[in-house]
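Since the structure comes first, as structure tokens, the remarks are kept for the end.
The values are calculated or read from the model by the stated rules, or taken from the named source; none is laboratory data. Since the model is a prediction, treat every value here as computed from it, not as a measurement. Please note: Cβ atoms are built from the backbone with ideal geometry, for glycine as well, and neighbour counts cover all protein chains shown. Calculation scope for accessible area: heavy atoms of the full protein, side chains included, ligands and nucleic acids excluded. Shrake-Rupley method; radii C 1.70, N 1.55, O 1.52, S 1.80 Å.
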Amino acid sequence: MSMYQVKPICGGDIKIDLPTCMYKLPNIHAQQGNSCTSEHALQNGEVDPAVKALEARQDEIMRKLYELKAAVEGLAKTVTTPDADLDLTVSSSLSSQSVSSTTFKGTTDLDTLLGKDLGALRDIVINANPAQPPLTLLVLHSLLCQRYQVLSTVHVHSSVANVPPQLLSCLGPRHANSYARHMFQLGFTLIWKDVPKLEMKFSVQNMCPIQGEANVARFLFKLLAPYPSDPALATLVDSWVDTAFFQLAEGSTKERAAVLRALNSALGRNPWLAGPEFSLADVACYCCVLQSGSASSAPANVQRWLKSCENLGHFGPAKLLLQ
């Protein structure tokens, strides 16, 4: 039961016209005298020529900004590392020619090994002590320059007082287009620094440094050719690499003599250490034989093999560094 009732004060059948637009304004883009035509053209999707020019200018600016972003991100790989206090930039080079070509079986994909290319130059940064020049890295650098467009740069860290001139130019002369980092596929940055062991940094965010010349050489060689799929052959290559660095480079006189005899025996059966094909084992052993000063007293098969390596043309930088 309702408390009270009120009679309706108006009829129940009232129609109200509600507005569909709050207010109307004339089309300011329409030209006087031909307002209907201009308004019709704009409503049908035609763009004013001035707007088209503005869009083209914006696209060009965005393209230049993308190139600048790629260059800055590539440079940041070096700047954001603890090695940022570089004192001297010595040389940059793009090497696409070599004395002779070395053919490797199989192909490698930089995106698979180094990650997808996001526009920034993929820069491999290596810290090395000038008292122990990494000869294998110079040979592998020469091979990489034959395969890719490589931007090579040498820096000197503040922890090093003096660096011999041959170390400053070990990666070749400066290239005229070194400022255009987007033209290169790979960056190779060598920093002469007072470090106990050679170390390599590629991705500061996603990986730990790789230490030791042998391990860095393995990483770089995979950019040239995949490791042997045969486990026995891959083990043989790794064995020779370890023998070169632990016994030839750091071993005693007796250990070096034993390694030379083993080299002579293996090279009596095959032209190269891992069989009929040139491999990382040949690069590592050649450089360590040269660095240990055992080349002149090496047996006959080793002497022949040393000449075969030199005939490839990629061992020139390593040999010049020791002269």
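Structure values in brief
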| item | result |
| --- | --- |
| Residue within region 232-245 that is surrounded by 15 or more Cβ atoms within 10 Å (Cβ to Cβ) and more than 34 Å from the chain's Cα centre (by Cα) present | no |
| Residue match in region 266-285 (condition: aromatic (F, W, Y) and part of a helix (DSSP H, G or I)) | no |
| Single condition K15 does not satisfy, out of (1) open to solvent by less than 100 Å² (accessible area, probe 1.4 Å); (2) modelled with pLDDT under 80 | (1) |
| Qualifying residue in region 143-164 (condition: at negative phi, in contact with a His (Cβ under 9 Å, 6 or more places away or on another chain) and among the polar types (S, T, N, Q)) | yes |
| Pair list, Cβ < 7 Å and 6+ apart or interchain, from region 246-272 residues that are more than 17 Å from K307 (Cα to Cα) to residues that are open to solvent by less than 70 Å² (accessible area, probe 1.4 Å) and of a type in the set (D, E, K, R) | Q247/R256; L248/R256 |
| Residues (aromatic (F, W, Y) and open to solvent by less than 20 Å² (accessible area, probe 1.4 Å)) located in region 246-298 | Y286 |
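So that you can scan it fast, the table gives a plain yes or no per residue for (1) over 26 Å from C285 (Cβ atoms); (2) modelled with pLDDT of 85 or more; (3) within 15 Å of the chain's Cα centre (by Cα):
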{"site": "S159", "(1), (2), (3)": "yes, yes, no"}
{"site": "Y179", "(1), (2), (3)": "yes, no, no"}
{"site": "T189", "(1), (2), (3)": "yes, yes, yes"}
{"site": "W192", "(1), (2), (3)": "no, yes, no"}
{"site": "L198", "(1), (2), (3)": "no, yes, no"}
{"site": "Q205", "(1), (2), (3)": "yes, no, yes"}
